[in-house]
1. Within 10 Å of each residue's Cβ, count the other Cβ atoms and sort F111, F140 from fewest upward.
2. Using Cβ contacts closer than 10 Å as the measure, can you line up S83, S107 from fewest to most?
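Where a number appears in this text, it was derived from the coordinates with a stated rule and is not lab data. Computed from a predicted model, the values in this text were never measured in an experiment. Cβ sites come from the backbone with ideal geometry, for glycine too, and all protein chains shown count toward neighbours.
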Amino acid sequence: MMGFVALIGNLATLILTLTEMVSHYKSNPCIDTKTGLVKLINAFFIFNLGISDFSMGVYLLGVVCQVVTYSGRYCFVDKEWRSSNRCSVLGTIAILSSEASAFIMASMSTFRLVSIYKQFLTRTIKFKWIILVGVLCCFFYLLFAFLPWIQLKSGYFVSQVWFPNHFFKTDTIPKHDLITITNQVSHSNSTRQSWFKVKEAI
């Protein structure tokens, strides 16, 4: 239910805000008034905030779909699910949405604070500077969201591996144990073996 509400509510916000921005720009393409500029900047921030909240609605619907799929048997597929790409994708969407909301809210609050305490300073602000701030925020929250997907040689983001086997008591194996097995198989004593080679050997 919350997922549908988030999607519908934020979709309406996006449409209304975009319509307001376009109509405002058409009526005043030069944006030569302080009030008009502040209104346009606030609409820009709200539009970006709506996108981030819309993605949270997508995440919630994705979680609901998985709940329906695994209802009554999740305990049997827990490790398989948490090791799947679907779980990673949903986690990425959640981080993307939360980080985007945090960066946009911080930028919006900073601008409003400046517009209150330094009113004359807002006359010199250009809309293209605000767009640059939005681009920088986008870069950082995309970086934080997709950084764990990067396949590093050291396997930095890997602590355990789901690996059904007959060698250990559990099918969740610490990374260093897998490296030990790989060294024994390959007759190597290296403690800094490439994680790519470890995965290939296993």
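1. Neighbour counts put them in this order, fewest first: F140, F111.
2. Ordered by Cβ neighbours within 10 Å, fewest first: S83, S107.
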